[in-house]
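Data block below; observations after.
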Amino acid sequence: MSGSTGEHADDVGESDEVAALRAIAAGFAHEIGNPLAGVAGRLQLIKRRTREDETRESLSDAHAELARIAQGLRELIEFTRPDDETTAVDVNEVLRAALTIGRYAHSHAEVDVSFEPDPHAGLVVGRRHQLLEAFLRLTMSAYETMNGSPGRLRVGSERSCGEIVVVFEHSGPGVGEATRRSVHLPARGANAF
């Protein structure tokens, strides 16, 4: 990245956009989280008092869907917490979180998403927040380049020659220059960022 004023202004704007997204996500997650927990508790209570198997099964299904929503909210809350510490980060877990947030943001999109994590990809040393931000930008860019058209997004990881390779493939046109600049992570070793 060059040091021209125009590119620097883009970088600052992108940081402001991410900060605004974090603030909105945090507010949304907390506003939804408490009522969601109340509904889940009531479902459990009704299930315990119900004797009909069909009703109990329906309540279990509803509770499972609420648990899925709660997991998405936990990932959203995690996204809102910037981390300042360098730690061991599970690449597959961060990819999964980015895909979950992307799916919620583009729930109307007709995109077939496949996630192919390598169970042996392992950990990298870095800041989870930075990695999530980079993966989220790639995910959002993939959805946006498909421009509402039906498409596909394949995301995967693999360990190759001691490094972790992350793949984003989609049926839209290529990634724009602004996104390419925004996902740069300075490397500090084979598995560091």
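The values are calculated or read from the model by the stated rules, or taken from the named source; none is laboratory data. On a predicted model such as this, the values are computed, not experimentally measured, just so you know. Backbone-built Cβ (ideal geometry, glycine too); neighbour counts: all protein chains shown. For the accessible areas, the whole protein counts, side chains as well, though only heavy atoms, and no ligand, DNA or RNA atoms are used. Shrake-Rupley method; radii C 1.70, N 1.55, O 1.52, S 1.80 Å.
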Unit Cα scatterers, Debye sum, the range 24-139: log10 I(q)/I(0) for q = 0.09, 0.20 Å⁻¹: -0.34, -1.09
Within the accessible area of the range 53-132 (1.4 Å probe), percent carbon and sulfur: 49
Cα gyration tensor category, rounded, prolate or oblate, for the range 101-142 with a/c compared to 1.5: oblate
Pairwise label distance in nanometres, residue 144 with residue 160, each label 7 Å out on the Cα-Cβ vector: 2.7
